[in-house]
Every structure is written in C-alpha cells, then in structure tokens.
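Chemist: Sharing a structure here in structure tokens format.
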Amino acid sequence: MKVHVFPNNPFQENTYVLTDDSNTCAIVDPGMSNPAEERAVSSFIEKEGLTPTLLLNTHCHVDHVLGNKYVYEQYGLLPQFHEGEAPVLSDVQVRAPMFGLRYEQSPIPEHFLPEEGEVRFGNTALKLIFAPGHSPAHLCFYQPDSAILIGGDVLFRGSIGRTDLPGGNHQQLLENISKKLYVLPEDTVVYPGHGPETTIGFEKQHNPFVRG
Ligand SMILES: [Zn+2]
C-alpha cells in the first residue's frame, strides 16, 4: 500500500489517499475546504486512473470531515467511522462557522465501524485500532504488511493529540498510545492527521509525552 498526502484547510489537516496495485483507492479524513483543495485531490485520483471505493474518518473533528460531502457527491461514497463519533459530527455544524469554515453537511454512515476488525479496499486490508482520548471513538487504520499506520490525531511526531475538546481524556489517550500503538513493530510508519510522518520506534524513544 502507498500513502499520498494532501494537507488541507487552515488546520493543515492531512488528507490521505491510499493506493495499492488494484487501481482503486481509499480516502481518509477528507479535509478539503475550498475548490482548489478539492481539485488537488480529484486531479490526483483522475491522473492515476483510480476509483475510490472507501471513505474513512479516523474521527469527526471539523478539520477531518470538511470534504466528506464532496467525496460523497464525486464518488458516491458514504463515510465510515465509529458510531461514538456521531455526536462529534453533529457538533461540526456549530463549530465550522466559528472558524470561518464553509461546511456542507456530511452524509451519515450506513454502517458504523466496530472497535476491532478490518476494512478493505482493492487488495488491501486495514486493521482497526480503537484509540479514543483525543476524541471519544477515534480509530486508527493499520496495514501490517506495508508497516503503515494512518494514525489520525492520536500520535504526532514529537507530540500527541490534544485532549481538551469534548469527549477528550488525557489518561485514556496516554494508555492507548502505550498499549495499542507502541506494541506495533518499531519500523511502522505513522502518518498523522497533522505534520510529518514518524515511526513507532522514534516516538518510543523521543516523544516527550509517552515513552515506550
Ligand atoms: Zn482532531
């Protein structure tokens, strides 16, 4: 599996397009907030001849869901996330205008994701890792054969997700990082919701908030 990153919106949120050798792709956390950002993602998909078959949200904070409606309209995909994020998504209607962001209401999933299991696109299976703390029902998506974790806002290079938003829990976040992320192989590359990628091994050694 390969990862393509598109930083979007004023929060510089990382939207990921995941590809394999099947000519399909998954879109994770579409944060496009204007036509130029929408075009960047769509042009890539078109240029590569890809058909998007899966739309995932790690969690439903405003900066991660701004493009859900666009992806639904372009590719007919409903978002998939954990049901515990539904109240967070409802809240986006109130929060987006506070940040001066245009928000076209996201469609609601037909199927919510469980805490454990996997989702698939093309020839690729992504394992679900339930890691709340930054938000109430945050999921990470792990591809073991490629040693890739799409981590959302749980673990950043040298930092961790904030826990002062509704449904946040600092202790829970620390425990999930220790018990669910730091147990992955050290060479696992973490692609976070903001900023550059890192590895599990690097964070276990250097992260000032949680050491492994
Ligand atoms: Zn967030």
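The values are calculated or read from the model by the stated rules, or taken from the named source; none is laboratory data. Nothing here was measured: the structure is a model prediction, and the numbers come from that model. Heads up, the Cβs are rebuilt from the backbone with ideal geometry, glycines too, and the neighbour counts pull from every protein chain shown. All accessible areas refer to the heavy atoms of the entire protein, side chains included, with ligands and DNA or RNA removed. Shrake-Rupley method; radii C 1.70, N 1.55, O 1.52, S 1.80 Å.
Chemist: Condition first: touching a residue at least 24 places away in the same chain (Cβ under 8 Å) and among the charged types (D, E, K, R). Now tell me which residues in region 122-162 satisfy that.
Modeler: If the condition is that a residue be touching a residue at least 24 places away in the same chain (Cβ under 8 Å) and among the charged types (D, E, K, R), then D145, D153, R157, R162 are the ones that fit.
Chemist: Please state which one of P30, P10 is open to solvent by 10 Å² or more (accessible area, probe 1.4 Å), in contact (Cβ under 8 Å) with a residue 12 or more places away in the chain and touching a Phe, Trp or Tyr at 6+ places or on another chain (Cβ under 8 Å).
Modeler: On the way: P30 fails: open to solvent by 10 Å² or more (accessible area, probe 1.4 Å).
P10 is the lone residue from the list that is open to solvent by 10 Å² or more (accessible area, probe 1.4 Å), in contact (Cβ under 8 Å) with a residue 12 or more places away in the chain and touching a Phe, Trp or Tyr at 6+ places or on another chain (Cβ under 8 Å).
Chemist: Restricting the search to region 175-193, which residues are open to solvent by 30 Å² or more (accessible area, probe 1.4 Å) and in a loop (DSSP other than H, G, I, E, B)?
Modeler: Answer for region 175-193, where residues must be open to solvent by 30 Å² or more (accessible area, probe 1.4 Å) and in a loop (DSSP other than H, G, I, E, B): V183, P185, E186, D187.
Chemist: Within region 117-174, can you find the residues that are within 16 Å of the ligand (Cβ to nearest atom), among the hydroxyl-bearing types (S, T, Y) and surrounded by fewer than 22 Cβ atoms within 10 Å (Cβ to Cβ)?
Modeler: Listed by number, the residues that qualify are S159, T163.
Chemist: Could you please find all residues in region 78-94 being crowded, with 16+ Cβ neighbours inside 10 Å and assigned to a helix (DSSP H, G or I)?
Modeler: Listed by number, the residues that qualify are G84, E85, A86, V88, L89, D91, V92.
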